[in-house]
1. Does E164 satisfy being free of Cβ contacts under 8 Å to residues at least 12 places away in the same chain and out of contact with any Lys or Arg (no Cβ under 9 Å at 6 or more places or on another chain)?
2. Within the stretch 168-181, can one find any residue that is touching a His at 6+ places or on another chain (Cβ under 7 Å), assigned to a strand (DSSP E or B) and surrounded by 19 or more Cβ atoms within 10 Å (Cβ to Cβ)?
3. Would you point out which residue out of E200, E241, E142, E213 is within 21 Å of R74 (Cβ to Cβ) and either without any contact (Cβ under 8 Å) to a residue 24 or more places away in the chain or not in a strand (DSSP E or B) (or both)?
4. Which residue out of R68, R57 is surrounded by 18 or more Cβ atoms within 10 Å (Cβ to Cβ), in contact with a strand residue (DSSP E or B) (Cβ under 8 Å, 6 or more places away or on another chain) and in contact (Cβ under 8 Å) with a residue 12 or more places away in the chain?
5. Of the numbered conditions (1) more than 20 Å from A135 (Cα to Cα); (2) touching a Phe, Trp or Tyr at 6+ places or on another chain (Cβ under 9 Å); (3) in a strand (DSSP E or B); (4) of a type in the set (A, V, I, L, M), A230 fails exactly one; give the number of that condition.
Amino acid sequence: MKYLGFGLVFASLLSVSGMELGSAYAANSGEGSTVMKEMLLAYYYPQKDAQSDVFMRIVNRQGQSRERRLAMLRLDKTDGGEQFYYIYFHEPADVQGMSFLVLKHPGRDDDRWLYIPSIDLVKRIATSDKRTSFAGSDFTYEDVSGRDLDEDEHELLGEEALGEYSTFLVKSTPKRSGDVEFSYRKLWIDKTTHLPVKVEHYDLKGTLYKVYETRQVQSIEGTPTITKAAMKDIGSGHETEITIKAITYDVGLTPDLFQERLLRRAPSQWIRR
């Protein structure tokens, strides 16, 4: 199972299906892994598919910003299992036509491709590159498609009030510390919807270096959905804010839309202009 990807907002396709039973079990069992599994199902696998329009604002320490507009398609092959993502950049001109495809495979490495129209190149994203910046933002390629739940140990530290939210606090620590650049993550997960409210990333020295925050949640077609969130780099002061401008669930996407050949020729009937 994958978790914490773009997850964090690009996926932004959140649901409470199966949530009432899951929340009660997590509260009684006290198991961090149970809380994380319920979060994954709520955050990544609502409905069958989704079509969304996304606005990205990248801000540096001086307050100067760059803005990007993109479209995203998401299809679940199985609930909690294989999943497909297609991301297409509309604006600005220097990234127009750039597209990104993810075939998500629980239990093994995802397949990722990036199309760069300026040089007409389809580039396969290597596993070793998955934690590099995605399109100049503070999100990484791994943030887009998520991290395997079983790669980490998940400890339920307790319950904590965080602003308007009552949350479970979970600490996730990599089982193989040499393979990643962080020592652990702390996650505040809303007890009612199981949406991630805040995620802190700590480097190998145990110093906080990156923070994700949910800034707005709305009910879309009866589904609690994160419509605004941000990732901030503590050291540089750099921040990327994601806003979901429009989203529709269960639109009838099919697997043939998620093929490498469509990176150069976007499926125009599904990519809103």
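Each value in this text was obtained by applying a stated rule to the coordinates, not by laboratory testing. Values in this document were obtained by computation on a predicted structure and should not be read as measured data. FYI the Cβ positions are ideal-geometry reconstructions off the backbone, even for glycines, and counts take in every protein chain you see.
1. Working: free of Cβ contacts under 8 Å to residues at least 12 places away in the same chain: yes; out of contact with any Lys or Arg (no Cβ under 9 Å at 6 or more places or on another chain): yes.
Considered against the rule, which asks whether it is free of Cβ contacts under 8 Å to residues at least 12 places away in the same chain and out of contact with any Lys or Arg (no Cβ under 9 Å at 6 or more places or on another chain), E164 comes out as yes.
2. Filtering the stretch 168-181 down to residues touching a His at 6+ places or on another chain (Cβ under 7 Å) leaves 170, 172.
With assigned to a strand (DSSP E or B) added as a condition, the list becomes 170, 172.
Now drop any that are not surrounded by 19 or more Cβ atoms within 10 Å (Cβ to Cβ), which leaves 170, 172.
Yes, that holds for at least one residue.
3. Details: E200 fails: within 21 Å of R74 (Cβ to Cβ); E241 fails: either without any contact (Cβ under 8 Å) to a residue 24 or more places away in the chain or not in a strand (DSSP E or B) (or both); E213 fails: within 21 Å of R74 (Cβ to Cβ).
When all the criteria are applied, what remains is E142.
4. On the way: R57 fails: surrounded by 18 or more Cβ atoms within 10 Å (Cβ to Cβ).
R68 is the lone residue from the list that is surrounded by 18 or more Cβ atoms within 10 Å (Cβ to Cβ), in contact with a strand residue (DSSP E or B) (Cβ under 8 Å, 6 or more places away or on another chain) and in contact (Cβ under 8 Å) with a residue 12 or more places away in the chain.
5. (1)
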